[in-house]
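Could you have a look at this structure, given as structure tokens, before my questions?
The values are calculated or read from the model by the stated rules, or taken from the named source; none is laboratory data. As the structure is a computational prediction, the values presented were derived from the model and not from experiment. Every residue, glycine as well, gets a Cβ built from its backbone with ideal geometry; the counts of neighbours run over all protein chains shown. The area values use the complete protein model at the heavy-atom level, side chains included, leaving out ligands, DNA and RNA. Shrake-Rupley method; radii C 1.70, N 1.55, O 1.52, S 1.80 Å.
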Amino acid sequence: YCVASTVDTDGMPYGVPISFVMMDGQLYFHTTNTYGHKLDNFQHDARICVTAVVDVEACFEDDFMTSRYGSAMVFGRIRQVENSVEVRHALVALCMKYLPDYKHEIGNAIAKDLAETAVWTIDVQSITGKAARRR
């Protein structure tokens, strides 16, 4: 997962964990399309920062407690995906990433919840990353 950070109408930062998939150079995720603080923020200000941390491992090296990890931050502007083919493609990719053992049920699950689902992508302005891979 990653954490999507936005700003609300009062200027308060808001970070929320989301499941995501990278597809064709774009980061995609889904939400409900009806309500929520996150959706309110998307409409208020399209700027977003998404942070992911992977392969975290605590370790003890040279008498020092540290960790190994990789991280990336994506900065950009969020937009809702309107193209129905792209929406379905992103939802299938999300399902296959997180639930590959249920690939035969994906079509029915997507059809069942599609009316209440929104798919979002980020028009990337910059990406930064960092890794600590000692030894």
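With a 1.4 Å probe and every protein chain left in place, work out the accessible area per residue of the chain in Å², rounded to a whole number.
Heavy-atom SASA per residue in the chain reads 64 Å².
Do you know the relative contact order of region 46-135, to the nearest whole percent, from alpha carbon pairs under 8 angstrom that are 6+ apart?
Relative contact order here is 38 percent.
How much net charge surrounds Asn33 when only the other residues with a Cβ under 12 Å from the Cβ of Asn33 are counted, with Lys and Arg +1 and Asp and Glu -1?
-2
Let me ask you something else. Going from most exposed to least, what order do Lys38, Lys130 have by accessible area with a 1.4 Å probe?
My answer, sorted largest first, is Lys130, Lys38.
Follow-up. Karplus couplings for region 69-82 from phi (6.51 cos²θ - 1.76 cosθ + 1.60, θ = phi - 60°), rounded to Hz, Gly and Pro as x?
Residue by residue, region 69-82 yields 5, x, 9, 8, 10, 10, 10, x, 10, 8, 8, 7, 7, 9 Hz.
Order 13-23, 86-96 from most to least packed using the mean count of other Cβ atoms within 10 Å. Before the final figure, lay out each step's value.
Working: 13-23: 14.5, 86-96: 18.0.
In decreasing order of mean packing, 13-23, 86-96 become 86-96, 13-23.
Residue-wise, which Karplus ³J(HN,Hα) couplings in Hz belong to region 52-62, taking 6.51 cos²θ - 1.76 cosθ + 1.60, θ = phi - 60°, and x for glycine or proline?
My calculation for region 52-62 gives 10, 10, 10, 6, 7, 9, 6, 8, 10, 10, 6 Hz in order.
Also, I was wondering about something else. Would you list the membrane-span-like helices of the chain, meaning whole DSSP H runs whose alpha-carbon atoms span at least 18 Å along their axis and whose mean Kyte-Doolittle value is at least 0.5?
Helices meeting the span and hydropathy rule in the chain are 84-98.
To the nearest 500 deg cm²/dmol, what mean residue ellipticity at 222 nm is calculated for the chain from DSSP H runs of n ≥ 4 alone, each contributing -39,500 (n - 2.57), summed and divided by the residues?
-7000 deg cm²/dmol
Could you list which residues have their amide H under 5 Å from that of Thr117, counting only those 5 or more apart in sequence or on another chain, with H placed in the peptide plane?
The answer is Asn33.
Let me ask something else about it. Share of the chain's accessible area from carbon and sulfur, percent, 1.4 Å? Could the numbers behind the result be given before it?
On the way: 4690 of 8660 Å².
Here it works out to 54 percent.
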